[in-house]
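Shown next, in structure tokens, is the structure this report addresses.
The values are calculated or read from the model by the stated rules, or taken from the named source; none is laboratory data. Predicted, not measured: the structure shown is a model, and the values here were computed from it. Neighbour counts are summed over all protein chains in view; Cβ atoms, including those assigned to glycine, are modelled from backbone coordinates with ideal geometry.
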Amino acid sequence: MKVSVIGTGYVGLVSGTCLAEVGNDVLCLDLDHKKIDILRQGGIPIYEPGLEDMVKRNVAAGRLRFTTDIEESVAHGTIQFIAVGTPPDEDGSADLQYVVAAARNIGKHMQDYKVIVDKSTVPVGTADRVRAALLEELAGRGAKIDFSMVSNPEFLKEGAAVEDFMRPDRIVIGTDDERATQLMRSLYAPFQRNHERLIVMDIKSAELTKYAANAMLATRISFMNELANLAELLGADIEHVRHGIGSDPRIGYQFLYPGCGYGGSCFPKDVQALQRTATEHGFDLKVLNAVETANDAQKFVLLQKIDKHFGPDLSGKRFALWGLAFKPNTDDMREAPSRVVIEGLWQRGATVTAYDPVAMHETSRIYGDDPRLKMADSPMAALEGADALIIVTEWKVFRSPDFAAIKSHLKQPVIFDGRNLYEPEVVRAAGLEYFAIGRK
Ligand SMILES: NC(=O)c1ccc[n+]([C@@H]2O[C@H](COP(=O)([O-])OP(=O)(O)OC[C@H]3O[C@@H](n4cnc5c(N)ncnc54)[C@H](O)[C@@H]3O)[C@@H](O)[C@H]2O)c1
């Protein structure tokens, strides 16, 4: 099938590449010339395991191309995926300007039947806005051309995006249009060969499903974070509690890890956008309001532990930071808890030496060459002469370190672990002080 993908970011690039991988003819559009130049020169603008090889393979086979030419992109695909960003507006609602602009561009240039598939995470009712914008553009040029609207929210996880797209748990299709349903069924057939994963529903339910999924996951995290904080006060160990409840099949083990808060490009903004949607309808999402408040506070938990240990004035101190990305296997720094920690340490007069396997470049882009933040070549190099180690992202490379070496590199043998990577007694036996989240 001929597919155009509008927006070549994390979602657009992965979706377009995976659709090409199964034989479709895919053209990815982005208005960011730099991004498209990198891709055309054989590079890749984001870090995502397995993606680079797949992009190269499909470009070489002629099934995957990149463009900044809107007309070319509209003409190419019968299926037009909208995968542009939906960042939070000032009031927390999803900013739909990019989605609407993409729709208008299709309306301005389309010459034949198109299926408009919204893959961006958008509030309930957005498909109606997209349809209206498109109809307005068509009317503006006196054109009467048929099109179908589909909501197809994306559930891929950064860091495992290729795997998630190639082997999805489910594919949600929201539409009331039989022709579009059939096309989507054919498009996704190669991704669900052993059993049907397509869940077809009305558009509004599909739009809400994406927010419901992220809101539920964020709720589990905030719930565990609050229990971890309580466990510390009670002298209980949250790791035992996690095992104790995760073994209940009604609860399960997933997303029960306490830590220093969730971040990323999705949970924070999607929780806010859903709250905003509810408010607009005069409804108060009490649970979700608490989820957000709890998470905002949790991002400061490590700083509070540091304050307690060192006192609030950290002038002249330097901290080693392991992990910058909001989670492992990505270079995404959007809403990353590490940013709260870095900026909090700066406010207290300290400096930071950080190591992250892939996000150091992105961090330097954000903070420029601020002399209060240095990047190290290796985890151990970050420790050299530092007053303490702070762990913010649970990269595998941090999981089994040489504690004796950590102790010998640090000026003071202290670890603040925002991801509960180690057994407290093991770390303490190595002569290090260890502060984790909700652990005894
Ligand atoms: N990142 C994730 O893990 C993830 C997962 C599921 C869903 N989503 C949702 O998918 C959407 C995209 O997220 P992302 O992380 O890929 O965003 P992103 O910021 O990485 O990419 C968006 C891209 O769209 C481009 N763009 C904006 N307006 C455009 C236009 N009119 N025409 C062409 N290109 C345009 C931007 O230049 C950018 O490259 C969001 O709604 C997000 O909530 C993201």
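Residues are listed down the side, and each one gets a yes or a no for (1) out of contact with any strand residue (DSSP E or B) (no Cβ under 8 Å at 6 or more places or on another chain); (2) surrounded by 18 or more Cβ atoms within 10 Å (Cβ to Cβ); (3) over 23 Å from Lys204 (Cβ atoms):
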site: Thr78; (1), (2), (3): no, no, yes
site: Ala83; (1), (2), (3): no, yes, no
site: Pro87; (1), (2), (3): no, no, no
site: Lys114; (1), (2), (3): no, yes, no
site: Ser148; (1), (2), (3): no, yes, no
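Would you check if there is a residue in the stretch 139-152 being farther than 15 Å from Ser4 by Cβ, at pLDDT 95 or above and in a helix (DSSP H, G or I)? Yes, some residue in the stretch 139-152 is farther than 15 Å from Ser4 by Cβ, at pLDDT 95 or above and in a helix (DSSP H, G or I). Just one of (1) in a loop (DSSP other than H, G, I, E, B); (2) free of Cβ contacts under 8 Å to residues at least 24 places away in the same chain fails for Phe155. It is (2).
Scanning for something in contact with a Lys or Arg (Cβ under 8 Å, 6 or more places away or on another chain) and either more than 16 Å from the ligand (Cβ to nearest atom) or under 30 Å from Glu48 (Cα atoms) (or both), does the stretch 270-278 turn up at least one residue? If you could, list the steps in order and put the result at the bottom.
Of the residues in the stretch 270-278, the ones in contact with a Lys or Arg (Cβ under 8 Å, 6 or more places away or on another chain) are 270.
Now narrow it down to the ones that are either more than 16 Å from the ligand (Cβ to nearest atom) or under 30 Å from Glu48 (Cα atoms) (or both): 270.
Yes: one or more hits.
Please list, ordered by residue number, the helices (runs of 4 or more DSSP H) wholly in the stretch 42-123 having 2 or more residues that are within 10 Å of the ligand (Cβ to nearest atom), in contact (Cβ under 8 Å) with a residue 60 or more places away in the chain and closer than 23 Å to Ala139 by Cβ.
Values: elements: 51-60, 70-76, 97-109.
The qualifying helices (runs of 4 or more DSSP H) are 97-109.
Okay, residues lined up against (1) closer than 24 Å to Ile79 by Cβ; (2) within 16 Å of the ligand (Cβ to nearest atom); (3) among the charged types (D, E, K, R):
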{"site": "Pro190", "(1), (2), (3)": "yes, no, no"}
{"site": "Val200", "(1), (2), (3)": "yes, no, no"}
{"site": "Met216", "(1), (2), (3)": "no, yes, no"}
{"site": "Ser222", "(1), (2), (3)": "no, no, no"}
{"site": "Asn229", "(1), (2), (3)": "no, no, no"}
{"site": "Glu232", "(1), (2), (3)": "no, no, yes"}
{"site": "Gly244", "(1), (2), (3)": "no, no, no"}
{"site": "Leu256", "(1), (2), (3)": "no, no, no"}
{"site": "Phe267", "(1), (2), (3)": "no, yes, no"}
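The set of residues in the stretch 7-34 being charged (D, E, K, R), surrounded by fewer than 19 Cβ atoms within 10 Å (Cβ to Cβ) and more than 9 Å from the ligand (Cβ to nearest atom) consists of Asp25, Lys34. Here Thr330 fulfils each of the conditions (1) farther than 23 Å from Glu90 by Cβ; (2) surrounded by fewer than 24 Cβ atoms within 10 Å (Cβ to Cβ) apart from (2). Condition check for Ile306 on (1) assigned to a loop (DSSP other than H, G, I, E, B); (2) at pLDDT 95 or above; (3) crowded, with 21+ Cβ neighbours inside 10 Å: one failure, at (1). Restricted to the stretch 257-281, and to residues there that are under 17 Å from the mean Cα position of the chain (by Cα) and assigned to a helix (DSSP H, G or I), the residue that is nearest to Ser93 (Cα to Cα) is Ala273.
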